[in-house]
Every structure is written in structure tokens, then in C-alpha cells.
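Below is one structure, written out as C-alpha cells; comments come after it.
The values are calculated or read from the model by the stated rules, or taken from the named source; none is laboratory data. Values in this document were obtained by computation on a predicted structure and should not be read as measured data. Here the Cβ is made from the backbone with ideal geometry for all residues, glycine too, and neighbour counts use every protein chain on show. Just the protein is used for accessible areas: all its heavy atoms, side chains included, with ligands, DNA and RNA removed. Shrake-Rupley method; radii C 1.70, N 1.55, O 1.52, S 1.80 Å.
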Amino acid sequence: HDLRVRVKRTSQTSQTRLLKMLRSILAPRDHGGIKTKVELASRLRVALWQSQRLLSTDLRSVVAEKIPAQQERLKAIKKNHGSKVIGEVNVGMCIGGMRGIKGMLWETSLLDPEDGIRFRGYTIPECQKELPAAIPGGEPLPEGMLWLLMTGELPTQEQVAQLSVDLRKRSALPPHVAKVLDAMPTDAHPMTQFTQAILALQTNSEFAAAYTRGIHKSEYWKPYFEDSMDLIAKLPAIASLIYRRTYHGGDLIPADPTLDWAGNLSHMMGFNTTGAMELMRLYQTIHSDHEGGNVSAHTTHLVGSALSDPYLSFAAGMTGLAGPLHGLANQEVLLWINNVKEVLGESPTKEALTDFVWDTLKNGKVVPGYGHAVLRLTDPRYTCQRQFALKHLPDDPMFKLVSLLYEVVPEVLKQTGKVKNPWPNVDAHSGVLLQHYGISEANFYTVLFGVSRCLGVLSQGVWDRALGLPIERPKSVTMSVLEDMCKE
């Protein structure tokens, strides 16, 4: 009866998932079905517990249920395979930014050279199909991505709706945050303001307070989770406050209590069209995580390994994201495309654009937005943005120019013989989409990137504390040491 009631109370999508789970438990195929009442009763109890877990809308309790099994899994890996060699390090890796060295545990995502990023095993097209959306056939809600990254499970519509409610309850900014920003010049770079505002929130850290009081290390993850959720909830308000004070004279727009996390970010910035909100949902979802080796993710993880709280860790990561070689890339792409338009006009020929790209390379410059350290095909994040543009803005002149670049640049880069991956990455498209909906301030784009990145790095931070990962301490060497090792 309880199971029947639970099925009836869920949405159609949730019913499908629940019934599939129930069939696997109550209609086993492995040994000819259930043969005794005792076995039936046992399986009914399992089904009841599993349905309760599947339908729980409390994210923290779902995470808590998963922690013991993952702790045992990590212990088994360490005990049984602790001495297993998983790679080698050569001199090129040592002096080349440690690129390719396998030296970090990162559960929330994995970057595949062929498929692109996988969030807990799911590709971007799969996430677009499976994660709940705000409107029928629309883009996935970032709250769904947060649930997936935290738990490893695709959420139901009900779970995402409750998560939106929880984030709204946590979203109000303490008064002193605005005062900190008001003490800064309005022409300070938005990322400088963003980092300062995050640091200002640290005064309310539950993790820092719990550690000062004295808390067992097995409990670290709980206040870390609360801090992470509070920070995630407040970032749209921080970002919109910075945007409005920097570009619109401090004319603030209050949050809409009916909107989701990303929808409210768009609304508070001043962009209320369906298209703008859908783009913000897509943008925040696809930028949420990109495994652990990139500068912002690695920095957040590194600082967190010292048991710095989520505010300090994430602020450190954002100073890395502000670097020209990391988060400023989409800004540089837009500036380069605008330069193309100034020189060649809005609708250049393919031949003229090809010559322009060659001139860029011959002058010792790169074509921003093309190539990737790991990927060897077109970035799926680029592809889904292109599909969004084809659906919502197919006649936009800048989109047409981006499409023509897609035809030209890879062929030119292939001909140089020096580029392993000539295909576009996520940055080659995002700026043009934002500009179409009126978000034309390129200096602000990295803040939007930073808001999205919180979903992945803070989810991983919770698991870092739950799994008891140690402080990070790689070994460094001098050039003399390298020279001596090479003599051997």
C-alpha cells in the first residue's frame, strides 16, 4: 500500500524511474522469481527503503546515505591497490605545467578526449535530455546538475523543485557584503569585486566555527555542506549586485521568489526574456565542472585540502579563474571576433576570413576559442550552444560569423601541422550568445563562469571532506635535480 501511494504521488517521469527500480527488486530474473513469503517480505522492505531514498527531496540526507559506501570503496582501493603504478612522469610534464599527470581524485566529472566532459558519467546531450527543465523542451535547470554532482544520481522534478526552494531560502546577502563592495571603485574589475564579496561572506562560515569549537573529522562534511549550499545560493545575488553597480549605476533589481536559481540571476541582472533565462540555465549547467585539473578547480581543491572553509577555497579558485589563460578566454574570443568584424565587415567571404586567420597566425598570435588541452574533437559544450543558437537566433549576424569561423579555422589549423586539436571549445561561442541577449559587457563574462563553476568544485569539496582526503603536497625539484636525474 505504501509503495502504491508513493508511485501515485510522483510525476510521470519519477513514476517511470520508481517502477523500474521496483521491478528490479520485486520481479527478479536471476533465480526464477520470489518463492517464499519471507523473501517477498524482505524484498518489500528493500523496495520501500529504496523508494524512500529515490524520492527524498532532502539533498543532504541523500548525500549522507551514500557516504559510508564510498568511504569503504576508497579504503578498499587504498588497501588493495595503494602501490599500483598508474602512470609515469617525465621531465616534460614536470616543467610543462604538470600536464597529463594523474595525481588527483575528482569524482564529479571526467573529461574524455572523444566524448568531452561527463558529469558523473553523463554526457552533455544526456544531461540535456534527462535533467528537469523549467519549461517543456527547455534547457536543464542547474539545480538538477547540482543534485547530480552531489549524489551521482539524476534527480526527479520534485527533487529539483525542492532544491530550488532551499536555495531561495538561503539566498539573502548579509548587509555587510554590499558595504564591502561599496568601498571599492565601481570600475574595479568584476572578478576583483566577485572575489572580495565571496571573502566577505566567510564571516558566517559554519565549517570555520565548527572547527574552532572542535569537531570530529568524520563530521567535517556536514558544516562544509551547509557552507557550500549557502554560498551557491548567494552567488546569483552577488553577481547581479556587481553587474548592476558596475554597469547600471547601482539600480538593483530584487529577486523573484517564483524563479529558479539561474532564472533569478538573469532577472536580477535585468534580462527577463524567456530566451535570456534559458541561455542562463544552459550556460550555468554546461560550465559547472570540467574535472579537477584546471586552475580554478585545482586551486579550490588545493586550498580546501588545508581545511580552509568553502568561502576561502572558492575565493582562491576564482582568483585563478580571473587569469587570461583560464576564465578570461571567452572575453578574448568576443574581442577577437569584433576585430574580425571591424576589419572585414559583418559578412566576410570565406576566402577573406581564411586570409585573416592566416595573418593572425603568421603574426605570432593564436585564434582564441580553438584547441583544447585534452579534447580531440569539437567541444560538446560548443555544440550545444550552437544548437541553442540555431533554435533561438539563427539569423543573428554574429552567430553567422561564428558559424563561418567554424568552417574556416579548423582547416587552417590543420594545415599548420602544429595543432593537435583544431576544433572549437566552449569559449568560441558563449560570448556571442550572451551579447545577443544584451549582456554585452565582456569584462563580466568571467563572473558568470565563476557562478557556474561553484556547482562542481563545491560538490567535490563536500566529498573531499566526507572521504577524508589529506592535504595536498606534491614534491618539487630544482633544475639541478632534473639535470642530475637525466645524467643517470
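So here's what we get for this one:
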| read-out | value |
| --- | --- |
| Residues satisfying the stated conditions in the range 96-116, i.e. small (Gly, Ala, Ser) and surrounded by 19 or more Cβ atoms within 10 Å (Cβ to Cβ) | 109, 116 |
| Pair list, Cβ < 6 Å and 6+ apart or interchain, from the range 330-347 residues that are under 9 Å from residue 442 (Cβ atoms) to residues that are polar (S, T, N, Q) and open to solvent by less than 30 Å² (accessible area, probe 1.4 Å) | 330/430 |
| Cβ pairs under 7 Å, 6+ apart, first in the range 157-180 and under 30 Å from residue 137 (Cβ atoms), second open to solvent by 50 Å² or more (accessible area, probe 1.4 Å) | 157/13; 158/57; 159/57; 162/57; 168/257; 171/255 |
| Flag for residue 206 being touching a Pro at 6+ places or on another chain (Cβ under 6 Å) and either surrounded by 14 or more Cβ atoms within 10 Å (Cβ to Cβ) or modelled with pLDDT of 95 or more (or both) | yes |
| Single residue of 231, 265 found to be of a type outside the set (S, T, N, Q), at pLDDT 95 or above, closer than 16 Å to residue 451 by Cβ and out of contact with any Ser or Thr (no Cβ under 7 Å at 6 or more places or on another chain) | 231 |
| Residue match in the range 443-458 (condition: over 30 Å from residue 207 (Cβ atoms), among the polar types (S, T, N, Q) and part of a loop (DSSP other than H, G, I, E, B)) | no |
| Count - residues of the range 134-160 that are surrounded by fewer than 18 Cβ atoms within 10 Å (Cβ to Cβ) and of a type in the set (A, V, I, L, M) | 1 |
| Residue under evaluation residue 424, criteria (1) touching a strand residue (DSSP E or B) at 6+ places or on another chain (Cβ under 7 Å); (2) under 22 Å from residue 386 (Cβ atoms); (3) modelled with pLDDT of 95 or more, criterion not met | (3) |
| Qualifying residue in the range 410-420 (condition: more than 19 Å from residue 328 (Cα to Cα), surrounded by 13 or more Cβ atoms within 10 Å (Cβ to Cβ) and in contact with a Lys or Arg (Cβ under 8 Å, 6 or more places away or on another chain)) | no |
| Single residue of 393, 404 found to be open to solvent by less than 20 Å² (accessible area, probe 1.4 Å) and modelled with pLDDT of 90 or more | 393 |
| Hey, residue 320 at pLDDT 95 or above, at positive phi and not basic (Lys, Arg) or not | no |
| Count of the range 75-108 residues which are in a loop (DSSP other than H, G, I, E, B), touching a residue at least 40 places away in the same chain (Cβ under 8 Å) and over 28 Å from the mean Cα position of the chain (by Cα) | 0 |
| Qualifying residue in the range 278-287 (condition: more than 26 Å from residue 131 (Cα to Cα) and either hydrophobic (A, V, I, L, M, F, W, C) or modelled with pLDDT under 95 (or both)) | no |
| Qualifying residue in the range 464-483 (condition: out of contact with any Ser or Thr (no Cβ under 7 Å at 6 or more places or on another chain), closer than 26 Å to residue 331 by Cβ, open to solvent by 10 Å² or more (accessible area, probe 1.4 Å) and not hydrophobic (A, V, I, L, M, F, W, C)) | no |
| Any helices (runs of 4 or more DSSP H) falling wholly within the range 255-318 and containing at least 2 residues that are within 16 Å of residue 232 (Cα to Cα) and among the acidic types (Asp, Glu) | none |
| Scan of the range 302-346 for residues that are under 23 Å from residue 177 (Cα atoms) and open to solvent by less than 10 Å² (accessible area, probe 1.4 Å), ordered by number | 304, 309, 310, 311, 313, 314, 315, 317, 318, 321 |
| One residue from 485, 398 being in a helix (DSSP H, G or I) and over 30 Å from residue 341 (Cα atoms) | 485 |
| Qualifying residue in the range 117-129 (condition: open to solvent by 50 Å² or more (accessible area, probe 1.4 Å), in a loop (DSSP other than H, G, I, E, B), modelled with pLDDT under 95 and at positive phi) | no |
